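Heads up: the structure comes next, in structure tokens.
The values are calculated or read from the model by the stated rules, or taken from the named source; none is laboratory data. Since the model is a prediction, treat every value here as computed from it, not as a measurement. Glycine also receives a Cβ, built like all others from the backbone with ideal geometry; neighbour counts cover every protein chain displayed.
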Amino acid sequence: MRWSIRSGQQLNPIPAGWRWLKCRVERFITRFKSCPESTDYLIWRQQFFLKRLRLGLRLGTFWSLIAAITGTYYVLVDIEELRANFLRFFGDASIADSLQRATIVYNSVALTLLILCLIGWRTAWGKRHPALLFLGFACSLNEFLGQVITTFFHIPITPDTLIFLAIAILIPVRWRLHLIAQALPIVYYAMVYPIIGLTTLGTTDTFKLYTGETIIEIAWVSSVSILAVYLYERLKRSEFEAHRQLKVFLHSVSHDLQTPVVGTSIVLKSLLDQPVNGCNDEIRVKRSVIEQLLQGSDRQLNLINSLVESHTTEIQGIILHCEPVQLKSLIDSVLIDLQHSLVKKRVQLVNHVTSELPLVNADANQLWRVFSNLIGNALKHNPHDIQLTLDAIVLKPGQRSEWVDRWMGERTGRISQIQQCSNISMLLCIVQDNGIGIVTEQCQRLFELYTRGNRARYMPGLGLGLYLCQQIISAHGGEIGVNSHPGKGSMFWFTLPLYPTCP
């Protein structure tokens, strides 16, 4: 009995060891998976890549021309000396003639390819396909083109590892392209030559194409150069992320503090416009006005504290101080600060948010930023005389409301599914306008951080503020989205968790 138990225990480590090895391999592979690259970084990398590629093409063409002149002169002028050397070392003088023809053909083709790449860089096609120009540039210098050409003359050559390092230093981005450019001559050297039987030169054993020193050098230099490019890309990406986070902080300070400051300024200007009381130059102020000013000042201080806290912390993401929040009072405070803009744009405001709604479990300051951003964007990116509708409805687990069907359309199923999975009640908030609307392609990218490039002209001023809204709502455990069509207005929606003690 004891022996049978031990035998079973000896069999168990096999699948356990396999699972351990599989877990280790997956963890190792995960380390090398690249994170999604921001649009800002991709634009910088493309510009940097094009500039360095132009420099590389110019330098490569110049030094290839020098090498072509000296090489052609040597095989043409010193051909007799070359024949004698090949006869003495390799036992075959005809190799010199083959080398002469191969040198002339290779230099002509390599220079032609480099010149074509240099010309193509200036064209619109070259700007759209710089990777092909890079591969043509690299293959003309790293002996891959020379390997293909000299094969027809029965002369094998090894990859030039010095060129690997030079290209990696000159163009230290897009490590996958470097990997492809280096793999081509290495694969040709390691696989094609043995397959076609081109591993010797002449009739003697003096020439050795495959030596331990050569193989180690190729493996060492190629791995170091690719790793250097990969690490440089990671460094630049981390710098861009830090720079973008700083931009987010500065934008939050300037944008979120602008609304309460403008509201306070409008109240003070209205007080100054009142007639003075006799000769004492006194202005009578209602208690409600002072309370409004104090609320605006407190909101500014709270925003400053929350912004500084989120910037100085080492934990990435939005820091929340959740408490029971009544949505109506919070929206009223936002509308008071935006009152001047609402009047100036002649907005017809329809506010269906009532005090009968249950409390939400949220950070009041962060939620204030969400409503301020969404309402402010509706005012900023639409013409005058629009209708702005604010509404909210409770979504219970497993419940599908006709109101939600009418407003959410295709989004309803997604939200209902989320509620069924989470088993908690949520408050669905709506900010809708009947303005110019947004095309579908823009809606899909609207909440990305700093969406730039060819599509940036379609989204002026959006992106960062909406990205902050998405981060805040996600930190609360909710979702945010937009339904919009050109000419039919836009409807921004998001969900918030209800306060636990609420029914």
- Query: Quick one: would you say VAL353 is at pLDDT 90 or above and in contact with an Asp or Glu (Cβ under 7 Å, 6 or more places away or on another chain)?
  - Reply: yes
- Among (1) crowded, with 17+ Cβ neighbours inside 10 Å; (2) more than 17 Å from ILE66 (Cα to Cα), where does LEU113 come up short? (2)
- Every listed condition ((1) surrounded by fewer than 18 Cβ atoms within 10 Å (Cβ to Cβ); (2) within 15 Å of CYS429 (Cα to Cα); (3) modelled with pLDDT under 90) holds for PRO397 save (2)
- Query: Which number in (1) surrounded by 10 or more Cβ atoms within 10 Å (Cβ to Cβ); (2) of a type in the set (Phe, Trp, Tyr); (3) at pLDDT below 70 marks the one condition that TRP20 misses?
  - Reply: (3)
- Query: Which residue, of PHE90, PHE144, PHE153, PHE86, is closer than 24 Å to TYR210 by Cα, among the aromatic types (Phe, Trp, Tyr), touching a residue at least 40 places away in the same chain (Cβ under 8 Å) and surrounded by fewer than 18 Cβ atoms within 10 Å (Cβ to Cβ)?
  - Reply: PHE153
- Note on the structure: Restricting attention to region 86-139, the residues that are of a type in the set (Phe, Trp, Tyr) and either at pLDDT 90 or above or in contact with a His (Cβ under 7 Å, 6 or more places away or on another chain) (or both) number exactly 5
- Item | Candidates ARG122, ARG128, ARG88, filtered to the one that is farther than 22 Å from ARG52 by Cα, out of contact with any Cys (no Cβ under 8 Å at 6 or more places or on another chain) and in the same structural domain as ARG45 (by TED's automatic domain parsing) | ARG88
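Yes/no per residue for (1) surrounded by fewer than 16 Cβ atoms within 10 Å (Cβ to Cβ); (2) in contact with a helix residue (DSSP H, G or I) (Cβ under 7 Å, 6 or more places away or on another chain); (3) in contact (Cβ under 8 Å) with a residue 24 or more places away in the chain:
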site: SER329; (1), (2), (3): yes, no, yes
site: ASP332; (1), (2), (3): yes, no, no
site: LYS344; (1), (2), (3): yes, no, no
site: LEU349; (1), (2), (3): yes, yes, yes
site: VAL360; (1), (2), (3): no, yes, yes
site: ASP363; (1), (2), (3): no, no, yes
- Assess whether ASP391 counts as being within 20 Å of ALA475 (Cα to Cα) and either touching a residue at least 40 places away in the same chain (Cβ under 8 Å) or in contact with a strand residue (DSSP E or B) (Cβ under 6 Å, 6 or more places away or on another chain) (or both). no
- Reported set for region 174-193 where residues are surrounded by fewer than 18 Cβ atoms within 10 Å (Cβ to Cβ) and within 29 Å of the chain's Cα centre (by Cα) is ARG176, LEU179, ILE180, ALA183
